[in-house]
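Remarks on the structure that follows.
The values are calculated or read from the model by the stated rules, or taken from the named source; none is laboratory data. These figures come from a predicted structure and were not determined experimentally. Virtual Cβ from ideal backbone geometry, glycine too; neighbours counted across all protein chains shown.
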Amino acid sequence: MKKYALLFALLCIAMGNSQTGVIKGIVIDKQSETPLVGATVELLNANETNGVITDLDGYFTLDKVPLGRQVIRVSYIGFESITLPNVVVTSGKDAVVNVALIEAFDRLDEVIITSDTNKARSINKLTSVSARQFSLEEVTRFSGGRSDVGRLAANFAGVSAPDDSRNDVVIRGNSPTGLLWRLEGVPIPSPNHYSTLGTTGGPVSALNPNLLKNSDFITSAFPAEYGNAIGGVFDLGFRNGNKDDYEYTAQVGIFTGIEAMAEGPLGKNNGSFLVAGRYSLVGLLGVGAGGTSAAPNYSDISFNLDFGKTKLGNFSLFGIIGVSDIDFLGDDIDEDDLFAAEDENTFVESRFGVIGLKHRINITDKSYLKTIISGSFTGNDFLVDRFVDKDTQQERIIRYTEADNTENRYTFSTLYNAKLSSRSTIRTGILLENIGVASLLSDRTEQPDLNTDGDPDLFTFRDIDENLTIIQPYLQGQFRLTEKLTLNAGIHGQYSSLNDQFVIEPRAGLNYKISQNHRLSFGYGLHHQPIPLPLLFLNEEVNGELLQTNKNLDFVRSNHYVLGYDIKLGVSWRGKVEIYYQDIDNAAVESFPSSYSSLTEGADFGFDNDRISLLNEGTGYNQGIELTLERFFSKGYYGLLTTSLFESKYEGSDGIERNTPFNNGYVINLLAGKEFAMGKTKKDVLFFDTRVTFSGGRYYTPVDLTASQAAGFEVLLEDFAFSEQNDGYFRWDVKFGYKINSSKKKTSHQFYVDLQNVTANENLFARRYNRLTNDIDEVNQIGFFPDFGYRFEF
């Protein structure tokens, strides 16, 4: 009897040690974006054959998959099959992959063409150049990234972000205000905590990467469905929750905070729910982080509810809600604080939210209609009380700045996608946005003392409650002219009710497959965008009356030209070179000769308050070359080297060509990582990641010290705008951790330590006038900073 009990115990241990995971997902036709029924999904490099076929909705589930990084192949008769490496299988969570197959140029009955997956290609099939998809794993894997999508993009060619205090994305020398954020197909405001009106970045991201599915990042000449942007596009999507099992995640990190996430089946129509909430860890601890001694408080909730397939189609509800606040008290502020001053008490609150209802219905087996109705809001309150004669018997406090900004946006989007044949696909749609802006800005900076009370007057630069509508129709298509040559072409329209301006924007891209391993591409696009809203609604006092003299400014216009060459260097290696030129005009400049241009805005939390009576007569250009060498994760390691050499110039109304503040000149990123299988069963993982960044310094306008001392506030030498350059930026980050997959339960653990700026390099943040010392201070960016995290999945 004891022998049988011992045998049973050993059998249980063996079964526990052979803990496996699950890979599930959906297979679709990439052109029609409809499910493929009966596609074959096979697990490769496994000891035993393991394969399934997709059901009537294109779904599949692979059970009993060994833990670790696995490889699957997906095939369908008449389509090019695809191989997906690096599917990470853990014991705590099902691995979900969505696969899009392309129909062979001439439909085949028996032969299947095989191609490897390539993350360099975008999810959007109508994108020809300057695009890359990214995954949740990349957002959380790379060292120094703080699980922030914006900081992830800084590793890609063409992106410059040498600013430790914010996650603004500078694409090919364009202002960050030129970036378009999209979620589930609709534009959204800046998805960041502590964001301000008109900006696209912030210190902390409100996007929870655990909800994101593979998404696109596009840096130039984007397809016709994207508009109202001249810099680039983040096209993000939320994944669905697990429709078969309940799963939970708990984690903690310095920047991501304390988080809980749940997902599982919903309703009787094969639906699912996914919801997550986060709260600032440093706020709970009452400590500063990210360049300030003040404790930031921020929290957000994100969700995606998929109600499943019904007779009326598929409905889903998605959203994000985030709030944040921080108090900078002058007595507690250090002189090298990145955000505040020692002679001020500053109180900041911000809010952000988006909620949308998405509906999709298949019209035929090769076409569908998708409609989204959404509402979003963003706002911030900013109050500054300044000490006068600080630390003297005459010390007093005056209200120096008041800002209360709110933007409400209501969006309707609908698109129709149809696959006409294996050679042609069309997509057409329209996007309508109604934007309401309420903005109050009062400030004493650089104001006279007309009421003779001894203080600069509190002047109201903005006090508006405005509403505008932007309408964007588009038509685009993909035409596979030959087996090697593909044309993506379309036209985008844009109308603004603010000044009744309507523009037509042609877009086109060509891809030529020279051979199996070589590809040539060309892209062109005309793009328009209004100047930032804080500039449009500035007040100017004319004959005792406040007028908005910038309100009727036209769109800024940018022509994009891109030439690219891709080469496949091996099974897991690829190289890419892109050359681009962007010609910009209609930028806003002053009516008298000056160095100012709206192309220089967007590098900070605010905009210039005194730029009034502007004209659309400014020009600029961006040009450069980008090189990428990448090894996708294979055999336990990956590598990524990106190099950008570029030039970004502009002309103000004085006709002098100058550097923009974003003209770093060069950016080099080197990333690498290695994983080691650990434990007796090799189911656990020890991992290392590192990143090294070199960048040219940003250009800045020098301070006129004598004039600043006389005025009591910072005065810049605007005739020498952006004539000085900071020293080069260097940063080295190192991340290491351990993943534990349970042998007996559906649980997993992950620990990591992320050492940011391990060499404590002193990268210059700013040279700014100090009112207290009457001198110019040099303030450095964040020095060495250790981050950590723990993740539990069950």
ask   = Which one is farthest from Asn586 (Cα to Cα), of the residues in the range 648-669 that are part of a loop (DSSP other than H, G, I, E, B) and either polar (S, T, N, Q) or in contact with a strand residue (DSSP E or B) (Cβ under 6 Å, 6 or more places away or on another chain) (or both)?
value = Asn664
ask   = Are any of the residues in the range 266-276 surrounded by fewer than 19 Cβ atoms within 10 Å (Cβ to Cβ), in the same structural domain as Val149 (by TED's automatic domain parsing) and closer than 30 Å to Leu329 by Cβ?
value = no
ask   = List, please: which pairs have Cβ atoms under 6 Å, are six or more places apart or on different chains, and start with a residue in the range 42-68 that is free of Cβ contacts under 8 Å to residues at least 12 places away in the same chain and in the same structural domain as Ala100 (by TED's automatic domain parsing) and end with one that is of a type outside the set (A, V, I, L, M, F, W, C) and not in a loop (DSSP other than H, G, I, E, B)?
value = Gly51/Glu42
query = Given Ile123, Ile171, which one is out of contact with any helix residue (DSSP H, G or I) (no Cβ under 6 Å at 6 or more places or on another chain) and not assigned by TED's automatic domain parsing to the domain that holds Phe788?
reply = Ile123
request  = Being of a type in the set (A, V, I, L, M, F, W, C) and more than 30 Å from the chain's Cα centre (by Cα) is the filter here, so list the residues in the range 465-482 that pass it.
outcome  = Leu481
Subset of the range 316-355 (residues that are farther than 26 Å from Arg278 by Cα and part of a strand (DSSP E or B)) = Glu344, Asn345
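Filtering the range 170-203 down to residues that are of a type in the set (A, V, I, L, M, F, W, C) and assigned to a strand (DSSP E or B), which residue is nearest to Gly145 (Cα to Cα)?
Val170
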query = So how many residues does the range 128-168 have that are in a loop (DSSP other than H, G, I, E, B), touching a helix residue (DSSP H, G or I) at 6+ places or on another chain (Cβ under 6 Å) and either within 30 Å of Asp583 (Cβ to Cβ) or hydroxyl-bearing (Ser, Thr, Tyr) (or both)?
reply = 3
query = Just wondering, is there one or more residues in the range 437-454 that are of a type in the set (A, V, I, L, M), without any contact (Cβ under 8 Å) to a residue 24 or more places away in the chain, in the same structural domain as Glu545 (by TED's automatic domain parsing) and farther than 28 Å from Ser32 by Cβ?
reply = yes
Criterion: surrounded by 15 or more Cβ atoms within 10 Å (Cβ to Cβ) and of a type in the set (Gly, Ala, Ser) - qualifying residue of Gly477, Gly454 = Gly477
Residues of the range 656-683 satisfying the condition of being over 31 Å from the mean Cα position of the chain (by Cα) and under 26 Å from Thr140 (Cα atoms) = Ala677, Met678, Gly679, Thr681, Lys682, Lys683
message = Take Gly178 and tell me if it is over 26 Å from Lys243 (Cβ atoms), at pLDDT 90 or above and touching a Ser or Thr at 6+ places or on another chain (Cβ under 7 Å).
response = no
query = How about the range 551-582: which of its residues are under 24 Å from the mean Cα position of the chain (by Cα) and under 27 Å from Ile612 (Cβ atoms)?
reply = Phe555, Val556, Arg557, Ser558
task = Looking at (1) surrounded by 15 or more Cβ atoms within 10 Å (Cβ to Cβ); (2) more than 22 Å from the chain's Cα centre (by Cα); (3) not in a loop (DSSP other than H, G, I, E, B), find the lone condition where Leu599 falls short.
result = (2)
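Determine, yes or no, whether Val88 is within 18 Å of Thr20 (Cβ to Cβ), over 28 Å from the mean Cα position of the chain (by Cα) and either in contact (Cβ under 8 Å) with a residue 12 or more places away in the chain or in a loop (DSSP other than H, G, I, E, B) (or both).
No.
One line per residue, one yes/no per condition, for (1) touching a Gly at 6+ places or on another chain (Cβ under 7 Å); (2) free of Cβ contacts under 8 Å to residues at least 12 places away in the same chain; (3) of a type in the set (Ser, Thr, Tyr); (4) under 27 Å from Tyr495 (Cα atoms):
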{"site": "Leu563", "(1), (2), (3), (4)": "no, no, no, no"}
{"site": "Glu578", "(1), (2), (3), (4)": "yes, no, no, no"}
{"site": "Asp585", "(1), (2), (3), (4)": "no, no, no, yes"}
{"site": "Ser597", "(1), (2), (3), (4)": "yes, no, yes, yes"}
{"site": "Asp608", "(1), (2), (3), (4)": "no, no, no, yes"}
{"site": "Asn616", "(1), (2), (3), (4)": "no, no, no, yes"}
{"site": "Asn622", "(1), (2), (3), (4)": "yes, no, no, yes"}
{"site": "Leu627", "(1), (2), (3), (4)": "no, no, no, no"}
key: Elements of type strands (runs of 3 or more DSSP E) contained in the range 718-788, each with 1 or more residues being at pLDDT 95 or above   = 729-741, 748-756
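In this structure, does Val323 turn out to be hydrophobic (A, V, I, L, M, F, W, C), farther than 23 Å from Ser413 by Cβ and more than 21 Å from the chain's Cα centre (by Cα)? Even if it seems obvious, please write down each step before you answer.
Details: hydrophobic (A, V, I, L, M, F, W, C): yes; farther than 23 Å from Ser413 by Cβ: yes; more than 21 Å from the chain's Cα centre (by Cα): no.
Against the criterion (hydrophobic (A, V, I, L, M, F, W, C), farther than 23 Å from Ser413 by Cβ and more than 21 Å from the chain's Cα centre (by Cα)), Val323 does not qualify.
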ask   = Does the range 204-212 contain at least one residue that is farther than 25 Å from Ala295 by Cβ and in a strand (DSSP E or B)?
value = yes
note = Of the residues in the range 566-583, those that are touching a Phe, Trp or Tyr at 6+ places or on another chain (Cβ under 6 Å) and within 17 Å of Leu641 (Cα to Cα) come to Ser572, Val577
message = Where the second residue is assigned to a helix (DSSP H, G or I) and of a type outside the set (Val, Ile, Thr) and the first is more than 30 Å from Asp327 (Cα to Cα) and lies in the range 256-285, which pairs have Cβ atoms under 6 Å and are six or more apart or on separate chains?
response = none
task = Would you be able to say whether some residue in the range 222-244 is surrounded by fewer than 17 Cβ atoms within 10 Å (Cβ to Cβ) and at pLDDT 95 or above?
result = no
key: Residue within the range 360-379 that is in a strand (DSSP E or B), in contact with a Leu (Cβ under 6 Å, 6 or more places away or on another chain), basic (Lys, Arg) and modelled with pLDDT of 95 or more present   = yes
task = Inspect the range 738-761 for any residue being basic (Lys, Arg), buried (at least 17 other Cβ atoms within 10 Å of the Cβ) and in contact (Cβ under 8 Å) with a residue 12 or more places away in the chain and give the result as yes or no.
result = yes
Matching residues, the range 387-444, being over 23 Å from Phe347 (Cβ atoms), buried (at least 20 other Cβ atoms within 10 Å of the Cβ) and either at pLDDT below 95 or β-branched (Val, Ile, Thr) (or both) = Thr411, Thr425, Ile435
key: Ser413 vs. criteria in contact with a Pro (Cβ under 8 Å, 6 or more places away or on another chain) and either in the same structural domain as Ala707 (by TED's automatic domain parsing) or assigned to a loop (DSSP other than H, G, I, E, B) (or both)   = no
